[in-house]
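A.B. asks: I have a structure here, written as structure tokens, and I will follow up with some questions on it.
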Amino acid sequence: MKRKLLTLLAAAATTSALHAQEGLYYLGSEAQESLPLKWMVGVNATYDDNVSPTAVGIGANESAFSLNPYVGLSFVNMTPQSTLDVYARLGAIYYIDGPSAPGTDDLYPQIRAGVNWTRRFTERLRFSSRNFVAYELEPDYAYGFATSRQVDAYIFWGTDNAIGYRWTERLATYTGFALEGVDYDSNVTSADRFTWELYHQFRYQLTPQSVLTFDYRYADTSAGGLASDSSSHYLLLGLEHRFSPNTILVAKAGAQIKRSDAIGGSDGTSPFVELAMRSQVNEQFSIRAFVRYSSEVYDTVRVVTVPGASGLYDFDDRQTLRVGIKASYDLSPKVSIFGGVDYIPSAFDDGRLTFVNFGAPAPVASGIDEDLLNLYIGLTVRFTERLYGSLSYNYTDNSSDFAGYSYDRNRINFGLHAEF
């Protein structure tokens with residue numbers, strides 16, 4: 001019965017919509033063993049053939065070389081009652097031939113840090129806290145909020161705190177409170193967001209391998225600039241299934257009921273789907289994937305230009321599909337290959353005119369699409385017990401109906417790092 005309890009509650013950390021560190025790849029797992037303090041020191045050298053892809057005019061389609069030195073650490077401490085997982089990475093991106101696009105700099109920070117803590121008070125009761133902060137330039141598509149490179153760094157942070165309790169041998173609940181924020185520097189307007197969320201999840205263990213879930217979430221988002229505040233209710237039915245000790249699937253689907261706080265804003269109900277999968281196929285090959293379809297609140301203020309007129313619109317309905325897949329394969333004990341894809345199509349509807357640039361733009365805008373494809377492939381080599389090298393290629397293509405948002409981008413990266 002104790003083993004069934006651990007299965008019922010340990011997987012329950014998948015409840016929240018706000019994911020840290022692993023983003024939408026997160027499956028709710030926690031560290032399984034203590035790990036001593038590990039340091040990592042390294043540097044990446046990158047050639048970018050479109051360093052400011054959203055720039056128009058000066059700096060458009062400009063190439064640049066950059067260096068990215070960094071230092072990182074990780075530490076895990078486990079006891080029968082608690083698990084503490086700490087990680088951090090501090091670095092910077094320096095452009096040797098600095099970008100000339102307005103609002104860009106030669107030097108950008110790169111900071112990521114997190115603290116995850118689980119406390120098991122009794123066999124029935126546990127508390128978990130996941131906390132994360134990043135301050136960096138490039139968007140990480142797995143976080144679930146970015147679709148294109150901006151001209152400035154952003155702060156992205158989140159905290160998710162929940163209590164799990166087992167009521168019977170098969171029935172458990174998880175109740176939590178989460179906060180999440182994204183804050184861009186002054187060069188990016190109307191993109192800041194702050195969200196607080198309450199959630200409650202019922203969990204029923206169907207078999208030793210399967211858990212049926214029902215989620216209710218309420219999320220309230222405050223937006224910066226011309227973007228409107230909004231709130232959403234989520235009603236989700238889910239299944240968590242372990243096909244084997246090395247393969248797990250977490251899936252949820254249901255309805256998202258969204259309300260805009262803007263005067264004349266549009267409300268509506270839309271489908272919501274969330275899926276994550278992880279599999280260690282064999283000793284050499286591993287694969288991870290996620291899918292999410294939702295009405296997103298990020299990056300909703302866009303410029304719409306038509307002949308003779310242009311204006312800023314805030315779109316109440318941005319239906320977005322996010323798909324991510326990444327895999328790695330060990331060719332030998334010293335050589336591994338890796339690759340992945342991110343695909344993010346979005347449909348923008350119910351846009352309200354919030355600012356006139358010139359002419360007489362229409363009061364509403366709808367039916368505008370945008371598709372982003374990001375592909376990467378690479379190779380890692382273990383030179384010695386502590387020294388590693390990597391070589392990777394990244395291609396990004398953004399096809400957009402919004403003027404100035406379409407671009408393609410190639411990046412080649414060479415890295416060296418040491419672990420001790």
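A.B. asks: Using the Cα centre as the reference, give the magnitude of the dipole from point charges on the C-beta atoms of the range 126-199 (Lys, Arg: +1; Asp, Glu: -1; all else neutral), rounded to the nearest 20 debye.
C.D. replies: Numbers: 6 positive and 11 negative charges, 109 e Å.
So the dipole magnitude of the range 126-199 works out to roughly 520 debye.
A.B. asks: Here is a further query. For Cα pairs less than 8 Å apart in space and 6+ apart in sequence, what is the mean separation divided by the residue count of the chain, i.e. the relative contact order in percent?
C.D. replies: Relative contact order of the chain: 12 percent.
A.B. asks: Number of Lys pairs in the chain with C-alpha atoms less than 29 angstrom apart, excluding same-chain neighbours closer than eight positions?
C.D. replies: Lysine pairs meeting the criterion: 6.
A.B. asks: Determine, at each q value in 0.17, 0.21 (inverse angstroms), the log₁₀ of I(q)/I(0) that the Debye formula gives when each Cα of the range 237-280 is one equal point scatterer.
C.D. replies: The Debye formula, applied to the Cα set alone, gives -0.59, -0.71.
A.B. asks: Related question: For labels at residue 329 and residue 155 in the simple 7 Å Cα→Cβ model, what's the distance in nm?
C.D. replies: 4.4
A.B. asks: I'd like the Kirkwood hydrodynamic radius of the range 269-378, using the inverse of the mean 1/r over distinct C-alpha pairs, in Å.
C.D. replies: Values: mean 1/r = 0.0601 Å⁻¹.
It works out to 16.6 Å.
A.B. asks: Hey, got the dipole for the chain? About the Cα centre, +1 on K and R Cβ, -1 on D and E Cβ, debye to the nearest 20?
C.D. replies: 2140
A.B. asks: Using a 1.4 angstrom probe on heavy atoms only, work out the carbon and sulfur share of the accessible area of the chain in %.
C.D. replies: 63
A.B. asks: Can you give the local net charge around residue 68? Use residues other than it whose beta-carbon is closer than 14 angstrom to its beta-carbon, Lys and Arg +1, Asp and Glu -1.
C.D. replies: -1
A.B. asks: Could you state, as a whole-number percent, how many of the C-alpha pairs of the chain are farther apart than 35 Å?
C.D. replies: Distances greater than 35 Å cover 32 percent of the Cα pairs.
A.B. asks: Between residue 303 and residue 209, what's the calculated FRET efficiency when r is the beta-carbon distance and R0 is 60 Å? Round to 0.05.
C.D. replies: 0.75
A.B. asks: Turning to a different aspect of this structure: Given only helices, namely DSSP H runs of n ≥ 4 each adding -39500 (n - 2.57), what is the per-residue ellipticity at 222 nm of the chain, to the nearest 500 deg cm²/dmol? All intermediate terms of the calculation are to be shown ahead of the outcome.
C.D. replies: Numbers: 1 runs with 9 residues, N = 420.
Taken over the chain, the calculation gives -500 deg cm²/dmol.
A.B. asks: Another one. Determine the relative contact order of the range 316-386: mean sequence separation of Cα pairs under 8 Å and six or more apart, normalised by residue count, in whole percent. Each step should come with its number before you reach the end.
C.D. replies: Numbers: 128 pairs, mean separation 25.0, N = 71.
Dividing the mean separation by the residue count of the range 316-386 yields 35 percent.
A.B. asks: I would also like to ask the following. Measure off 7 Å from each Cα along the Cα-to-Cβ vector at residue 79 and residue 39, then give the distance between these two points in nanometres to one decimal.
C.D. replies: My value for the distance between the label points is 2.7 nm.
A.B. asks: What is the magnitude of the charge dipole of the range 266-308 about its Cα centre, with +1 placed on the Cβ of each Lys and Arg, -1 on the Cβ of each Asp and Glu, and no other charges, expressed in debye to the nearest 20?
C.D. replies: Magnitude of the dipole: close to 120 debye.
A.B. asks: Tell me which chymotrypsin sites (Phe, Trp or Tyr not before Pro) from the range 376-406 have a DSSP coil assignment and no more than 15 other beta carbons within 10 Å of their own. The partial results should precede the final answer.
C.D. replies: On the way: sites: 376, 383, 388, 393, 395, 402, 405; in loops: 383, 402, 405.
Here the sparse-neighbourhood loop sites are 383.
A.B. asks: Tell me the per residue accessible area of the chain using a 1.4 Å probe; a whole number in Å² is fine.
C.D. replies: For the chain, the solvent-accessible area averages 45 Å² per residue.
A.B. asks: Right, another one. Picking from 103, 64, 114, whose Cα lies most toward the positive end of the charge dipole for the range 43-114 (charges on Cβ: Lys, Arg +1; Asp, Glu -1)?
C.D. replies: Result: 114, furthest along the dipole toward the positive end.
A.B. asks: Which is farthest toward the positive dipole end of the chain among 363, 375, 81, measuring Cα position about the Cα centre, with Cβ charges +1 (Lys, Arg) and -1 (Asp, Glu)?
C.D. replies: So the residue furthest toward the plus end is 81.
A.B. asks: Right, another one. So, by mean Cβ neighbours within 10 angstrom, what's the order for 222-230, 122-130, 31-39 with the highest one leading?
C.D. replies: Top of the packing list down: 222-230, 122-130, 31-39.
The values are calculated or read from the model by the stated rules, or taken from the named source; none is laboratory data. Not measured: the values here are computed from a predicted model. Glycine gets a Cβ as well: all are built from the backbone with ideal geometry, and neighbour counts include every protein chain shown. Only protein heavy atoms, including side chains, enter the accessible area calculation; ligands, DNA and RNA are left aside. Shrake-Rupley method; radii C 1.70, N 1.55, O 1.52, S 1.80 Å.
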